[in-house]
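S.K.: Sharing a structure with you now.
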Amino acid sequence: MQNVPKEWREEQSVGGGRDKDVKPWKGREALFQKNTGNSKQDMSTGKEKKNGEMMNGGGKGMEGTDKESLMMELTRLVQKTVKESSWWERRGIDITILALSFLLLPPAFLLLGSSQALVFVLGMVLMGVSHAVITIKGTHLASHGSLSESTTWADVWAVFFIEVCGSFTARAGVTSHIKMHHAHTNVIGLGDSSTWKIPYLPRGVYLFIAPLAVPVITPLVALGQLKEHSMGQALRTVLMVFLGLYAQYWLLIHVSGFQCLYSTLLCMLLCRAMFSLPYIHVNIFQHIGLPMFSPTRRPKRIYQMTHGVLNLPRNPLLDWIFGHSLINCHVEHHLFPFLSDNMCLKVKPIVSQYLKEKELPYQEDSYLSRLQLFFHKYQELMVFVPSITELVGVQ
């Protein structure tokens, strides 16, 4: 076990530990700043410096000056690419993919009304693919506010995708993902993906059977989160989740021609669970088993993300359904979480080349390799939570 080098560590308040008020990286402003005029450019430089210090842990003094400027330097490179990109590249491509997914729903409902087995199965596949794109790619982009530059519309899309389509609460979803997972990636007890660990399940059940229950578990967990909401937010969440579930049920009855309650609910479950296995796998593959950090002795942001995040290789199916930021650009996504999937893919060569030039890790592994690792080391990785209090495996 290695100690975290002093110049890598973030400055921590006395007492350390869990802090519910800790906010995630506020790098969006730095990434989309525009320099116009000398005075404004000076102000912009000041803001970049402030954001850079926050991204690098607020290090002080001259020791390790080069290392402390790494995140700022990488941000400027990515910022330049973002500014030079069109709206189509920044948001349009991903919005089009989501729109096409909604357009697949009408033919899916019609095909599900067929008495021919092959046509019915085609309808199931179309429904499952559409649902996965909307509820995984859509909810992920919406939770990061990547679908609109307007904060008001970003909130609207978050409620629509997370609550109506995803059957979860937008407030809890954004809090757990943005303020915990992204702010405290691989920090033990905060953002260590521990919510995906169910120690009492055997490895075969956990990896290949339990994920099929995600469509049932998700709204139940959402109900449990409502106690932390205001009455108005709780009522809205219940209504939105009910609207999403009932809309699919009503369409299966009146468009697809289902007549039995149980067959309708079974069809809903199968469509919603079609990609639950890779969804759970991806969530654990890209963080668990990598270096973890103590809440009080964590490295600066660029070291935390490059050591605690892993990319999976390009996969046409999963790239399109889950989005690049969840598959082959997860490192880029954790470094710049407000970028859309397509922009993560566009800046990928810049990020990977930069990290390799600076001799920082750029971790990649195949889906099959990670699955084999978790299958053979299930007890070590998923049952016995390691008592790690330092950055592990860093020379």
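The values are calculated or read from the model by the stated rules, or taken from the named source; none is laboratory data. All values reported here derive from a predicted model rather than from experimental measurement. Backbone-built Cβ (ideal geometry, glycine too); neighbour counts: all protein chains shown.
S.K.: All but one of (1) buried (at least 22 other Cβ atoms within 10 Å of the Cβ); (2) part of a helix (DSSP H, G or I) hold for V156, so report the exception by its number.
M.R.: (1)
S.K.: If a residue has to be under 25 Å from M274 (Cβ atoms), assigned to a loop (DSSP other than H, G, I, E, B) and over 23 Å from the mean Cα position of the chain (by Cα) to count, how many in region 181-237 make the cut?
M.R.: Final tally of qualifying residues: 2.
S.K.: Does L310 count as among the aliphatic types (A, V, I, L, M) and either on the phi > 0 side of the Ramachandran plot or touching an Asp or Glu at 6+ places or on another chain (Cβ under 7 Å) (or both)?
M.R.: Values: among the aliphatic types (A, V, I, L, M): yes; either on the phi > 0 side of the Ramachandran plot or touching an Asp or Glu at 6+ places or on another chain (Cβ under 7 Å) (or both): yes.
Yes, satisfied.
S.K.: Residues that are touching a residue at least 60 places away in the same chain (Cβ under 8 Å) and more than 29 Å from the chain's Cα centre (by Cα): which helices (runs of 4 or more DSSP H) entirely in region 64-124 hold 1 or more of them? Talk me through it step by step, then tell me what you get.
M.R.: Numbers: elements: 65-68, 70-84, 93-103, 105-111.
Answer list for region 64-124: 105-111.
S.K.: Name the pairs whose Cβ atoms lie under 8 Å apart, with the first residue in region 348-371 and free of Cβ contacts under 8 Å to residues at least 40 places away in the same chain and at positive phi, the second outside any helix (DSSP H, G or I) and surrounded by 14 or more Cβ atoms within 10 Å (Cβ to Cβ), and 6 or more positions between them or separate chains?
M.R.: Going by the 8 Å Cβ cut-off, there are no qualifying pairs.
S.K.: For the structure I just gave you, tell me whether L335 is under 30 Å from C271 (Cβ atoms) and buried (at least 17 other Cβ atoms within 10 Å of the Cβ).
M.R.: no
S.K.: Being touching a strand residue (DSSP E or B) at 6+ places or on another chain (Cβ under 8 Å), buried (at least 19 other Cβ atoms within 10 Å of the Cβ) and either of a type outside the set (S, T, N, Q) or within 12 Å of P215 (Cβ to Cβ) (or both) is true for just one of H281, H287. Which residue is that?
M.R.: On the way: H281 fails: touching a strand residue (DSSP E or B) at 6+ places or on another chain (Cβ under 8 Å).
Step by step, each of H281, H287 is checked, and only H287 is touching a strand residue (DSSP E or B) at 6+ places or on another chain (Cβ under 8 Å), buried (at least 19 other Cβ atoms within 10 Å of the Cβ) and either of a type outside the set (S, T, N, Q) or within 12 Å of P215 (Cβ to Cβ) (or both).
S.K.: Filter region 262-277 down to the residues that are in a helix (DSSP H, G or I), surrounded by fewer than 22 Cβ atoms within 10 Å (Cβ to Cβ) and in contact (Cβ under 8 Å) with a residue 40 or more places away in the chain and list them by number.
M.R.: Let us first name the residues in region 262-277 that are in a helix (DSSP H, G or I), namely 262-272, 276-277.
If we keep only those that are surrounded by fewer than 22 Cβ atoms within 10 Å (Cβ to Cβ) too, we end up with 262-270, 276-277.
C267, M268, L269, L270, S276, L277, listed by residue number.
S.K.: Which one is modelled with the lowest pLDDT, of the residues in region 376-391 that are closer than 11 Å to P291 by Cα and among the aliphatic types (A, V, I, L, M)?
M.R.: By that ranking, first place goes to L391.
S.K.: Here's something else I'd like to know. Among the residues of region 308-317, write down those that are assigned to a helix (DSSP H, G or I) and surrounded by fewer than 23 Cβ atoms within 10 Å (Cβ to Cβ).
M.R.: The answer is P316, L317.
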